Amino acid sequence: MSVARHEPLSPEQFAQAENVSRETLDRLRRYVALLERWQGRINLVGRSTLEDPWRRHLQDSAQLASLVEGIVVVDLGSGAGLPGLILAIMRPELEVHLIESDSRKCAFLREAARATGAKPVIHNFRIEAVAPFSSDVVTARALAPLGKLLDLAVRFTPKQCLFLKGEEAERELTESSRRWSMAVERIPSRSDPRGVILRLSEISFASHIRHRQSEGRSG
């Protein structure tokens, strides 16, 4: 199915759509400038997406800011800091943990945090190697299928997960329901008509899996 092309979103249009202050917009401008500069050295995002970065990356990430409930946010596979670093810039009261195994991308994250005044905690490890801790929200974008994301997210016992997904969202929900039980809210993406935000809560192993595990222990 073809999708209508948009004119690139300008910083001013982004600021109006996402209701951000002039100071926050200036910090985000510094992030975009740094992203474009570093993209020439390491592959942080798809090259074509930089033709419309304020829609494809900034708005895509920023739309989560109003959905975060609580303080502690864990961003899985942060890459270029999308969405975790954008959340740290837009909501400085949050305690944002960026988990990224690629040392070069972590170098970018540290430089971007310095340039924008954001104060995330950067973990240069594989997600599985980070000692589990409790969080309020786990986020992820373009990292893995939903089932795998849930395997990783539950290490941080989140009250909710906010996952940016595309056209495969419904198929991934169906597949993950074989192992997981959860409350699902589907929120249409403001940055991509094909996209959806999956807001998940009450996450646990599906009842038939719990029953099977219980039978194994009793046997």
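Quick note: the coordinates plus some simple rules give every number you see, no bench work behind them. Worth saying up front: this structure is predicted, and the values here are computed from it rather than measured. Ideal geometry is used to build each Cβ from the backbone, glycine not excepted, and the neighbour counts take in all protein chains shown.
If you plug the beta carbon distance of R171 and S134 into 1/(1 + (r/R0)^6) with R0 = 25 Å, you get a FRET efficiency near 0.25. The Cα atoms of the chain define a convex hull whose projected area, averaged across directions, is 12.8 nm². The label-point distance for A115 and A206, in a model that sets each label 7 Å from Cα toward Cβ, rounds to 4.5 nm. Taking 0.36 nm per residue of separation and subtracting the current Cα-Cα distance, fully stretching the chain between E93 and R126 would add 9.3 nm.
Basic side chains Lys and Arg get +1 at the Cβ, acidic Asp and Glu get -1 at the Cβ, and with that the dipole of region 11-218 about its Cα centre reaches some 400 debye.
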